[in-house]
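Heads up: the structure comes next, in structure tokens.
Every read-out reported here was derived from the displayed coordinates using simple, explicitly stated rules and does not represent laboratory data. What you are looking at is a predicted structure, and each value in this text was computed from that prediction instead of being measured. Please note: Cβ atoms are built from the backbone with ideal geometry, for glycine as well, and neighbour counts cover all protein chains shown.
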Amino acid sequence: MAGVELLPKEYGYVVLLLVLYCFLNFWMAFQVGKARKKYKVFYPTLYASESENKEAKLFNCVQRGHQNSLEMMPMFFMLMILGGIRHPLIAAALGLLYIVSRYFYFTGYATGNPENRLTIGKFGFLAIFGLMFCTISCGVNLLQA
């Protein structure tokens, strides 16, 4: 089927941003590994116990920042992949906003004060809602075709 494109060429931005998020995820995992050594929280322990480790909260904030990012990742990926089919540039811009805000969410959380995750990190929710609208638009458009 020469000349028929399944995806707009701008969809490449969506793909590249998904890979960028993977790099951010690897970086966050590395930060958790460093925190494990620093605060002496060894595998398979997922979270430190305050009764056993006086710096448990500091480690747990680093761990929780990464864990929350992992919990949100499937939704982010699905919304980027589907919403980007119809609106690749908007989805890419929202994806970049999400990735930048997720970086600040993690670094804010890792300070040991969980409230710090929301200074810039709260804008990730705006990006997710925007991606939801892109995905809804894609679904409605497919039903009308």
- Query: Residue check, GLY84 against (1) within 22 Å of SER137 (Cβ to Cβ); (2) surrounded by fewer than 17 Cβ atoms within 10 Å (Cβ to Cβ), all met but one. Which one?
  - Reply: (2)
- Could you pull out the residue among PHE77, PHE59 that is surrounded by fewer than 18 Cβ atoms within 10 Å (Cβ to Cβ) and assigned to a helix (DSSP H, G or I)? PHE77
- With the first residue restricted to the range 20-39 and required to be under 26 Å from ILE81 (Cβ atoms), and the second required to be of a type in the set (D, E, K, R) and buried (at least 16 other Cβ atoms within 10 Å of the Cβ), Cβ contacts under 8 Å at 6 or more apart or on different chains are TYR21/ARG102; LEU24/ARG102
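Can you pull out the residues in the range 127-145 that are among the aliphatic types (A, V, I, L, M) and either farther than 19 Å from VAL100 by Cβ or touching a strand residue (DSSP E or B) at 6+ places or on another chain (Cβ under 9 Å) (or both)? Spell out the reasoning first.
Our first condition is that a residue be among the aliphatic types (A, V, I, L, M); within the range 127-145, this holds for 127-128, 131-132, 136, 140, 142-143, 145.
Across the range 127-145, the qualifying residues are ILE136, VAL140, LEU142, LEU143, ALA145.
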- Task: For THR111, work out the one condition from (1) β-branched (Val, Ile, Thr); (2) buried (at least 20 other Cβ atoms within 10 Å of the Cβ); (3) not in a helix (DSSP H, G or I) it doesn't fulfil.
- Result: (2)
